[in-house]
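Colleague: Below: one structure in structure tokens.
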Ligand code: SF4
């Protein structure tokens, strides 16, 4: 636990997140997060193919009102972003690889917060949980890593574009790059 003032703690936390592989990181108030239930409809349209096929995606991740209410227990949000160059623009496999890299960084941040002495942080990632190569949900089995499984920002109804704006980050990647976001809700 750091024995220094709030600003120094926040700066140190951001530095640790950057050292863990994120390209950008910043802290915003949880009041700047915009929630929107309609993201669940997008999930239900199953463009990504994970609807009903991952324990951390809708509908299995849980009722959206319960998840939104859970966010109210936090006053701060560390927003982070990974930016990855793609050899071929909009190549699906490259986007999946970029998502895997992002989610590995997201898992590293769990220990960053623990080492910073911040308990009970809520880690939310990009897309569905990609911890296992095949989600146990597809095999009709319980989640293999319930303490590490990570839901998506959209599952919580978080408007990622507005969150990026609040954190002064570019939501859309320029041509040939892909941007992924994650957020850690916490109290200091
Ligand atoms: S940890 Fe594995 S089984 Fe659990 S939600 Fe994530 S991918 Fe699925």
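The values are calculated or read from the model by the stated rules, or taken from the named source; none is laboratory data. Because the structure is predicted, anything quoted here is derived from the model rather than measured. Note: ideal-geometry Cβ built from the backbone for every residue, glycine included; neighbour counts use all protein chains shown.
Each row is one residue, and each column tells you yes or no for (1) within 13 Å of the chain's Cα centre (by Cα); (2) away from the ligand (no atom under 16 Å from the Cβ); (3) part of a loop (DSSP other than H, G, I, E, B); (4) crowded, with 21+ Cβ neighbours inside 10 Å.
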{"site": "107", "(1), (2), (3), (4)": "yes, no, no, no"}
{"site": "114", "(1), (2), (3), (4)": "no, yes, no, no"}
{"site": "119", "(1), (2), (3), (4)": "no, yes, yes, no"}
{"site": "138", "(1), (2), (3), (4)": "no, no, no, no"}
{"site": "142", "(1), (2), (3), (4)": "no, no, yes, no"}
{"site": "148", "(1), (2), (3), (4)": "yes, no, yes, no"}
{"site": "170", "(1), (2), (3), (4)": "no, yes, yes, no"}
{"site": "173", "(1), (2), (3), (4)": "no, yes, yes, no"}
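Colleague: Any idea which of 73, 62 is loosely packed, with under 14 Cβ neighbours inside 10 Å and away from the ligand (no atom under 11 Å from the Cβ)?
Modeller: Answer to the check: 73.
Colleague: Could you please tell me which pairs satisfy a Cβ distance under 7 Å, a separation of 6+ or placement on different chains, a first residue in the stretch 118-141 that is free of Cβ contacts under 8 Å to residues at least 24 places away in the same chain, and a second residue that is surrounded by fewer than 17 Cβ atoms within 10 Å (Cβ to Cβ)?
Modeller: As it stands, the answer is 132/144, since those pairs meet every condition given.
Colleague: Something else now. So for the stretch 60-67 (the condition being touching a strand residue (DSSP E or B) at 6+ places or on another chain (Cβ under 7 Å), at pLDDT 95 or above and in a helix (DSSP H, G or I)), does at least one residue qualify? Spell out how you get there, then give the answer.
Modeller: Just the residues of the stretch 60-67 that are touching a strand residue (DSSP E or B) at 6+ places or on another chain (Cβ under 7 Å), to begin with: none.
No, the stretch 60-67 contains no residue that is touching a strand residue (DSSP E or B) at 6+ places or on another chain (Cβ under 7 Å), at pLDDT 95 or above and in a helix (DSSP H, G or I).
Colleague: In addition: Which ones in the stretch 76-94 are over 14 Å from residue 123 (Cα atoms) and surrounded by 15 or more Cβ atoms within 10 Å (Cβ to Cβ)?
Modeller: 82, 83, 84, 86, 94
Colleague: Of the residues that sit in the stretch 78-100 and are in contact (Cβ under 8 Å) with a residue 40 or more places away in the chain and not in a strand (DSSP E or B), which one is nearest to residue 57 (Cα to Cα)? Give the derivation first.
Modeller: Restricting attention to the stretch 78-100, the residues satisfying the condition of being in contact (Cβ under 8 Å) with a residue 40 or more places away in the chain are 78-86, 89, 94-95, 98-99.
Those still in the list that are not in a strand (DSSP E or B) too: 86, 89, 94-95, 98-99.
Values: 86: 26, 89: 26, 94: 22, 95: 19, 98: 19, 99: 15 Å.
The extreme case among them is 99.
Residues are listed down the side, and each one gets a yes or a no for (1) modelled with pLDDT under 95; (2) under 20 Å from residue 114 (Cα atoms); (3) in contact with a helix residue (DSSP H, G or I) (Cβ under 9 Å, 6 or more places away or on another chain):
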position	(1), (2), (3)
3	yes, yes, no
8	yes, yes, no
25	no, yes, yes
41	yes, no, no
69	no, no, no
78	no, yes, yes
92	yes, no, no
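Colleague: Looking at residue 130 and the list (1) at pLDDT 95 or above; (2) within 21 Å of residue 43 (Cα to Cα); (3) surrounded by 17 or more Cβ atoms within 10 Å (Cβ to Cβ), which single condition is not satisfied?
Modeller: Unmet for residue 130, out of (1) at pLDDT 95 or above; (2) within 21 Å of residue 43 (Cα to Cα); (3) surrounded by 17 or more Cβ atoms within 10 Å (Cβ to Cβ): (1).
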